[in-house]
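See below for the structure under consideration.
Each reported figure results from applying straightforward, stated rules to the coordinates on display, with no laboratory input. Quick caveat: nothing in here was measured; it's all calculated off a predicted structure. Reconstructed Cβ throughout: ideal geometry from the backbone, glycine too, with neighbour counts over all protein chains shown.
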Amino acid sequence: MHSLSKFLPDNFDASATVALLAGKGQYPIVMREMLKNAGIKHVLMAFEDETSPELWDSFGENERYIGNVGQLGRLLKNLRHSGAKYAIMAGQITPKKLFKGMKPDLKAILILAKLKRKNAETIFGAVADALASIGVEMLDARSFLDAQTAPCGLFCGGKWTVAQDYVDHAMHIARECAALDIGQGCVTSRGTVLAVEAFEGTDKMLERAGTFEAKESLFAKTVKPNQDYRFDVPVVGERTIRKLAQAGIKNAVLEADKVIILESEKVKRLADEFGIKILGI
């Protein structure tokens with residue numbers, strides 16, 4: 001186990017440069033802080049209309065690069081120029097970009113043409129292979145976030161009241177959906193499935209589930225059976241808590257040590273404020 005993070009490879013070179021491939025949201029901003037705190041030299045690989053201006057502005061001119069989603073050739077060129085030995089992916093790329101507005105370059109077109117199935121795992125897996133071909137290793141997306149993965153047991157919200165049978169049912173549905181590559185989450189109510197997550201993401205699923213106004217609704221989040229933790233790692237953050245509150249969902253169960261609770265102390269305070277209970281199993 002590496003001293004900086006149990007999610008890093010044992011042979012991780014702490015003196016090398018890490019490229020932060022930054023999508024949307026708070027995740028890449030938090031990852032940037034974790035890299036700084038660990039004393040790791042890092043550069044930014046930003047994506048047009050995805051990476052936040054706040055994150056972009058926090059890097060110097062010689063520490064940041066930008067390209068469009070789908071410009072794989074440009075990404076590889078930027079990585080070579082940066083001298084990065086590692087790359088870490090943080091933050092979501094707008095799902096519909098994989099169907100509309102991706103603007104793939106020739107390198108990306110050639111790679112996509114070889115994929116029989118086009119989903120987050122296969123596409124980003126192909127990208128990781130392309131990075132490896134130029135000597136850049138993709139890291140586990142949980143690296144440096146050891147203290148921000150879901151703990152085992154009650155995380156917040158007081159006494160847990162949802163029956164174990166209902167918890168088991170929700171996690172079973174979430175795991176089956178993940179195994180079928182449908183999504184990594186679901187919402188149930190006393191053994192009834194209200195909504196499952198698909199390509200549109202967690203927020204849209206929670207909105208749909210909230211329309212039922214069902215009693216004792218339960219949000220479950222898990223990972224795929226053979227999850228590639230270099231990308232598409234499930235994340236719960238303040239935005240998720242606000243979406244749960246808007247949907248009237250007061251209970252959440254997360255796969256312990258596998259789902260990231262981003263800025264966990266802030267999430268705990270906000271969940272307590274809304275009366276939302278979170279359980280790690």
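Helix 27-37 versus the longest principal axis of the chain: what angle, 0 to 90°, nearest 10, using Cα atoms?
Taking Cα atoms only, the helix is inclined about 60 degrees.
Of the cross-linked pairs 6/114; 24/268; 96/266; 118/221, which ones have a Cα-Cα span greater than 27 Å in the structure shown?
Table pairs above 27 Å Cα-Cα are 6/114; 96/266.
May I ask you to compute the full-extension gain from residue 213 to residue 159, defined as 0.36 nm times their residue separation minus their alpha-carbon distance, rounded to one decimal in nm?
Contour length minus Cα-Cα distance gives 17.2 nm.
Based on Cβ point charges of +1 for Lys and Arg and -1 for Asp and Glu, what charge dipole magnitude is obtained for the stretch 164-281 about its Cα centre, in debye rounded to the nearest 20?
220
Multiplying the sequence separation of residue 266 and residue 132 by 0.36 nm and subtracting their Cα-Cα distance, what value in nm do you get?
Answer, rounded to one decimal: 44.7 nm.
Can you give me the long-range amide H partners of residue 195? Hydrogens built in the peptide plane at 1.01 Å from N, cutoff under 5 Å, separation of 5 or more residues or another chain.
187
Fully extended, how many nm does the chain gain between residue 110 and residue 147 (0.36 nm per residue separation, minus their Cα-Cα distance)? Please list the in-between numbers first.
Details: separation 37, 0.36 × 37 = 13.32 nm, distance 3.94 nm.
Fully extending the segment from residue 110 to residue 147 adds 9.4 nm.
Tell me the relative contact order for the stretch 18-138 as a rounded percent, counting alpha carbon contacts under 8 Å between residues six or more apart.
Taking the mean separation of contacting Cα pairs over the length of the stretch 18-138, I get 30 percent.
Please report the relative contact order for the stretch 149-280, taking Cα pairs under 8 Å with a sequence separation of at least 6, and give it as a percent rounded to a whole number.
34
Just to be sure I understand the model, the point goes 7 Å from the Cα along the line to the Cβ. What's the resulting residue 96 to residue 117 distance in nm?
Rounded to a tenth, the inter-label distance reads 2.5 nm.
Compute the relative contact order of the stretch 180-243 as a whole-number percentage, counting only Cα pairs closer than 8 Å that sit 6 or more residues apart in sequence.
34
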